[in-house]
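The values are calculated or read from the model by the stated rules, or taken from the named source; none is laboratory data. The shown structure was predicted, so the numbers you read here are calculated from the model rather than taken from an experiment. Ideal geometry is used to build each Cβ from the backbone, glycine not excepted, and the neighbour counts take in all protein chains shown. Remember, those area values only see protein heavy atoms, side chains included, never the ligands or the DNA or RNA. Shrake-Rupley method; radii C 1.70, N 1.55, O 1.52, S 1.80 Å.
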Amino acid sequence: MPIDLNEHRKKQNNNQREQRTTPPPNNNNNRGNNNNNRGGFNIDSLPMPSGKFLSIIILFIILVFFFVLARPFIVINSGEVGIKVNLGKYEPTPLLPGLHFFVPIFQDIIIVDTRVKTQNFVGSDEIDRKTNASTAYKNPIQVRDKLGLDVFIELTLKYKLERDKASDIVRDYTMLWDENIVVPYILEAVGSTIGNFNAEELPSKRDEVAKLITTNFKNKINAIKDQPIVLDSIELRKIILPPEVKVKIEQVQVAKQEAERAKQEANALRERAQGKADAAIIEAKGNAQANQLLSDSLSTKLLDLRQIEMQGKFNEALKDNKDAQIFLTPGGAVPNIWVDSKSKQRTTIANER
């Protein structure tokens with residue numbers, strides 16, 4: 001086949017241009033290649049993976065990626081249980097704390113808290129309102145007393161869920177079982193209890209009211225099938241009465257205080273009067289006892305002695321004044337009468353007992 005001369009010349013010119021623009025070979029690279037060759041290692045000599053092996057590696061990377069993304073495992077902490085759900089069906093046996101695996105899309109695990117939970121029905125003056133999974137805050141419970149007056153009750157309710165009954169309670173009442181069971185039941189227990197009292201007598205019967213609320217609530221949760229909820233405690237914090245009832249109670253308390261103060265003053269006066277009377281009685285008894293002792297001591301011999309002593313004194317007096325007249329009244333210590341007159345005739349009358 002004839003060769004086109006023009007084409008042949010064009011190819012030669014192109015080859016010449018390429019030779020001019022091509023840089024000279026790098027001796028360093030040649031030395032490096034020579035060194036690599038001398039070391040026995042050449043990167044170009046590494047075997048390339050085959051297409052099947054490369055597909056396996058890519059598939060493994062994809063599986064690891066989806067495993068991490070789907071997270072087909074879950075960790076259950078202490079104080080919690082897990083409920084495995086298979087295509088919408090709840091398994092009755094709860095999963096205990098630890099690591100558990102499940103099949104995404106087909107299975108799921110629900111975490112249920114089985115620790116003691118707290119419901120605080122308190123006012124806005126409460127400082128600590130840190131709500132978490134185990135503690136909740138609500139407004140005070142508004143109920144009516146026996147006469148239809150509004151009363152507000154503040155209390156703290158503590159309870160927990162039985163671990164073995166978690167699957168049934170979540171299946172029947174959902175994860176909001178607190179709001180569906182506990183809250184309505186405590187509201188009913190408080191309302192039925194306060195409805196039996198008048199508002200003004202609630203403060204004085206606080207302990208009785210607290211016991212009745214606890215009993216009514218416990219009866220309600222025990223009536224649930226299998227008794228899945230356990231009551232820990234109910235603390236009655238405050239009873240808030242209507243303003244008019246508070247004023248009435250304060251007036252009654254003031255009246256009671258005044259009556260008590262008057263009673264105490266009367267008792268004090270009575271005690272002082274009784275003390276004076278007792279002192280007079282004691283004094284009279286003392287005098288009577290003294291007189292009795294004196295009377296008992298006046299024997300016949302003692303009277304005779306006193307008579308002799310008195311006669312001696314009379315005789316001494318008559319020696320000094322013979323005209324003196326001395327009269328002695330019978331019945332004293334000396335039961336005699338001596339008569340001395342100025343007349344010449346002296347009469348002596350002696351009456352002996």
>> Quick test for you: out of Lys246, Lys205, pick the one residue that is without any contact (Cβ under 8 Å) to a residue 12 or more places away in the chain, of a type in the set (D, E, K, R) and open to solvent by 80 Å² or more (accessible area, probe 1.4 Å).
In response: Lys246
> Can you pull out the residues in the range 161-196 that are in contact with a Leu (Cβ under 9 Å, 6 or more places away or on another chain) and either open to solvent by 70 Å² or more (accessible area, probe 1.4 Å) or closer than 17 Å to Arg144 by Cβ (or both)?
Replying inline: Arg163, Ile186, Ala189, Val190, Ser192, Thr193, Ile194, Asn196
>> Testing Asn222 on (1) touching a residue at least 12 places away in the same chain (Cβ under 8 Å); (2) closer than 22 Å to Glu179 by Cα; (3) open to solvent by less than 80 Å² (accessible area, probe 1.4 Å), one condition comes back false. Which one is that?
In response: (1)
> Is there a residue in the range 250-270 that is in contact with a helix residue (DSSP H, G or I) (Cβ under 6 Å, 6 or more places away or on another chain), closer than 26 Å to Phe121 by Cβ and either in a helix (DSSP H, G or I) or aliphatic (A, V, I, L, M) (or both)?
Replying inline: no
